[in-house]
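As structure tokens, the structure follows; a few thoughts come after it.
The values are calculated or read from the model by the stated rules, or taken from the named source; none is laboratory data. Bear in mind the structure is a predicted one, so any value in this text is a computation, not a measurement. In this analysis, Cβ positions are derived from the backbone assuming ideal geometry, glycine residues included, and neighbour counts consider all displayed protein chains. Please note that ligands, DNA and RNA were not included when accessible areas were found on the heavy atoms of the full protein model with its side chains. Shrake-Rupley method; radii C 1.70, N 1.55, O 1.52, S 1.80 Å.
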Amino acid sequence: MRFSTLFLHAIPVTAAVTPKAYASSSDGVYKLSQYYAPVKGSGTPGSNSAWNLSIDDTASGHKQTVKGFGAAVTDATVAVFNALPAAKRSTLLNELMTSAGANFAMMRHTIASSDLSADPSYSYDDAGGNPDPSFTSFNLGDRGNAMATMLAQMKALQPGLTVIGSPWSPPAWMKLNRVLQGTTVNNNLDHTYVSQFAQYFVKYIQAYQAKGVNIDAITIQNEPLNSNAGFPTMYIFADESGNLIQQNIGPALRNAGLNTAVWAWDHNTDVPSYPQTVLNTASQYTSAIAWHCYAPNNNWGVLTDFHNQNPGKEQYMTECWTSKTNTPWYQAADFTMGPLQNWASGVMAWTLGTDENDGPHLAGNGPCSSCTGLVVTNAAAGTYSYRVDYYMMAQFSRFIPKGAVVLSGTGSYSYSSSSGLESVATLNPDGTRTVVIENKFANPVYVTVNTKSGETWSGLVYTNSVVTWVLPAAGAV
């Protein structure tokens, strides 16, 4: 027995006076649907497996503040969304960006080309391949303007939207090899143009501001240790990154009167020494660390270690892919749950939207040709659909609002077989509490949550699913 599927945009969520539950499951039976609400007390597990969790919902359990969830807005995203009929696109953006839908409040956009761009690759100042130190050829171009327009539309729907910009490469004339892509030889910044490199960020931020988009933060290079000939990249050493931020980019932003923050790293968890080196050099200009998920045997516990060494710096999970052919149903649940458990203030998927062929993307072997968006569009039919990864992310983003405080907790455990049960809880600005439970067992589990405030809540969690409980404020029931 189950509830009939009830899609999220039909579910009004207000400050809870009674407990509520919502579920999304790998089998598609539940898609942000109403589910059996937890009961106060220990309940009756019956013949179901049982699992105990605890959360500290008192002041002693307060951890990081959540700033938002979302995904990457690439040229592919903009192109496929704009290919939809206007009314359909409007409905899609409303579902993505408002409290009637996924309520995404954080987007990372690509500064000019990434691998998820149609050919040819470009920057905002290509200048015909010639040096342009005075930026006389600086121009967002058709694709940059379309990107800014879409971000402005998202911002209009979600006024609290945080926008992060990340470049895959600066203009070719700023690099030693003088090309955006095609070789890894001398794929480094030409320090003759170090001042222009900093001003490129200033020009870009000001151009987006003129289009109604405030850029809240930048990373100075996507995956700075990933030098790839197949798409735009640039290699930046750790000490070089720190010096660029401290001596050039940070001062350039401030001298231009911009309050855009700089986030360090924007790469994997297996080289935490890199962002530490950046902080040791440029802490005054670096407010946060950005992490990706692609390290072999990725371990989100690195973020807790980093927090313990740098408690004043925020952390974010800024990129992890989803694929209809290569990632499991719980991919997005895992890359949202793990960082939240380990001091991340926000999580973004790679990527927000693609077409049914996982594109458009650059040609060749380098670009990701199997990265599937949270949203998949069909231009010929004028339709879109949500992937399982969208639903799994929205189990967090819809019910953990910006400003919620993550609570310490115990009881989560995953086995080497990829089965297990993981949870994270938050105290929300309205006093309600959210508990997100990821069940990777092939059977339902009866979960009991004990709170430090002295309450017990229990309920059934569906097979291979993410279930979200929204509990009343402590003592309200």
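Of these, GLY129, GLY101, which one is closer than 29 Å to THR426 by Cβ and in contact (Cβ under 8 Å) with a residue 24 or more places away in the chain? Result of the check over GLY129, GLY101: GLY101.
Working only within the stretch 253-276, note down all residues that are buried (at least 20 other Cβ atoms within 10 Å of the Cβ) and on the phi < 0 side of the Ramachandran plot. If you could, list the steps in order and put the result at the bottom.
Filtering the stretch 253-276 for residues buried (at least 20 other Cβ atoms within 10 Å of the Cβ) gives 253, 260, 262-269, 274-275.
The answer is LEU253, THR260, VAL262, TRP263, ALA264, HIS267, ASN268, THR269, TYR274, PRO275.
Taking the listed residues THR149, THR136, THR162, THR183, the one that is of a type in the set (S, T, N, Q), open to solvent by 30 Å² or more (accessible area, probe 1.4 Å), at negative phi and in contact (Cβ under 8 Å) with a residue 60 or more places away in the chain is THR149, with no other qualifying. In the condition set (1) of a type in the set (A, V, I, L, M); (2) touching a residue at least 24 places away in the same chain (Cβ under 8 Å); (3) open to solvent by 10 Å² or more (accessible area, probe 1.4 Å), LEU189 is compliant with all but (3).
Here PRO159 fulfils each of the conditions (1) over 23 Å from HIS267 (Cα atoms); (2) not acidic (Asp, Glu); (3) not in a loop (DSSP other than H, G, I, E, B) apart from (3).
I'd like the full set of residues that are in contact with a Gly (Cβ under 8 Å, 6 or more places away or on another chain) and surrounded by fewer than 21 Cβ atoms within 10 Å (Cβ to Cβ), limited to the stretch 54-66. Walk me through it before giving the result.
Here is the first cut: in the stretch 54-66, the residues in contact with a Gly (Cβ under 8 Å, 6 or more places away or on another chain) are 54-56, 61, 65-66.
Listed by number, the residues that qualify are SER54, ASP56, GLY61, THR65.
Looking across the stretch 97-140 at every residue that is in contact with a strand residue (DSSP E or B) (Cβ under 6 Å, 6 or more places away or on another chain) and assigned to a loop (DSSP other than H, G, I, E, B), the one that is nearest to HIS191 (Cα to Cα) is identified as ALA105. Considering each residue of the stretch 97-112 in turn, at least one proves to be in contact with a helix residue (DSSP H, G or I) (Cβ under 9 Å, 6 or more places away or on another chain), of a type outside the set (A, V, I, L, M), at negative phi and open to solvent by 10 Å² or more (accessible area, probe 1.4 Å). Please indicate, with yes or no, whether at least one residue in the stretch 304-317 is within 29 Å of TYR122 (Cα to Cα) and touching a helix residue (DSSP H, G or I) at 6+ places or on another chain (Cβ under 9 Å). Yes: the stretch 304-317 contains one or more residues that are within 29 Å of TYR122 (Cα to Cα) and touching a helix residue (DSSP H, G or I) at 6+ places or on another chain (Cβ under 9 Å).
Quick one: which residue in SER323, SER273 is without any contact (Cβ under 8 Å) to a residue 60 or more places away in the chain and within 22 Å of the chain's Cα centre (by Cα)? I'd like the intermediate steps shown before the answer.
Working: SER273 fails: within 22 Å of the chain's Cα centre (by Cα).
Checking each option against the conditions leaves just SER323.
Scanning the stretch 339-358 for residues that are open to solvent by 10 Å² or more (accessible area, probe 1.4 Å) and on the phi < 0 side of the Ramachandran plot yields a count of 5. Where strands (runs of 3 or more DSSP E) sit wholly within the stretch 359-477, those with at least 2 residues that are touching a Phe, Trp or Tyr at 6+ places or on another chain (Cβ under 8 Å), open to solvent by less than 30 Å² (accessible area, probe 1.4 Å) and closer than 30 Å to THR74 by Cα occupy 375-378, 433-439, 465-471. Of SER169, SER195, all but one fail to be touching a residue at least 40 places away in the same chain (Cβ under 8 Å), over 17 Å from PHE231 (Cβ atoms) and polar (S, T, N, Q); the exception is SER195. Of all the numbered requirements in (1) closer than 20 Å to GLN221 by Cα; (2) open to solvent by 10 Å² or more (accessible area, probe 1.4 Å); (3) not β-branched (Val, Ile, Thr), LEU116 misses one, and that requirement is (2). Scanning the stretch 119-133 for residues that are open to solvent by less than 50 Å² (accessible area, probe 1.4 Å) and within 32 Å of the chain's Cα centre (by Cα) returns SER121, TYR122, SER123, TYR124, ASP125. Could you please give the count of residues in the stretch 304-349 that are closer than 20 Å to VAL424 by Cα and either in a helix (DSSP H, G or I) or at pLDDT below 95 (or both)? Number of matching residues: 16.
Hey, does the stretch 434-446 have a residue that's among the aliphatic types (A, V, I, L, M), over 30 Å from LEU93 (Cα atoms), more than 26 Å from the chain's Cα centre (by Cα) and at pLDDT 95 or above? Yes, the stretch 434-446 has at least one match. Taking (1) buried (at least 24 other Cβ atoms within 10 Å of the Cβ); (2) among the polar types (S, T, N, Q); (3) under 17 Å from CYS368 (Cα atoms) in turn, THR336 satisfies each apart from (3).
When the stretch 318-336 is examined, which residues are found to be closer than 28 Å to GLY250 by Cβ and out of contact with any helix residue (DSSP H, G or I) (no Cβ under 6 Å at 6 or more places or on another chain)?
Initially, the stretch 318-336 is screened for residues closer than 28 Å to GLY250 by Cβ, giving 318-320.
Selection gives THR318, GLU319.
Would a scan of the stretch 36-48 turn up a residue that is assigned to a strand (DSSP E or B), over 18 Å from LEU362 (Cα atoms) and at pLDDT 95 or above? Working first, answer last.
So in the stretch 36-48, the residues assigned to a strand (DSSP E or B) come out as 39-40.
With the extra rule that they be over 18 Å from LEU362 (Cα atoms), the set shrinks to 39-40.
Adding the requirement that they be at pLDDT 95 or above leaves 39-40.
Yes: the stretch 36-48 contains one or more residues that are assigned to a strand (DSSP E or B), over 18 Å from LEU362 (Cα atoms) and at pLDDT 95 or above.
Give me the pairs: first residue in the stretch 15-42 and surrounded by fewer than 23 Cβ atoms within 10 Å (Cβ to Cβ), second residue charged (D, E, K, R), beta-carbon distance under 6 Å, and six or more apart or on different chains, which are they? Pairs found: ALA15/ASP430; ALA37/LYS20. Of the residues examined, PRO45 is not one that is closer than 24 Å to THR432 by Cβ, surrounded by 16 or more Cβ atoms within 10 Å (Cβ to Cβ) and out of contact with any Cys (no Cβ under 7 Å at 6 or more places or on another chain).
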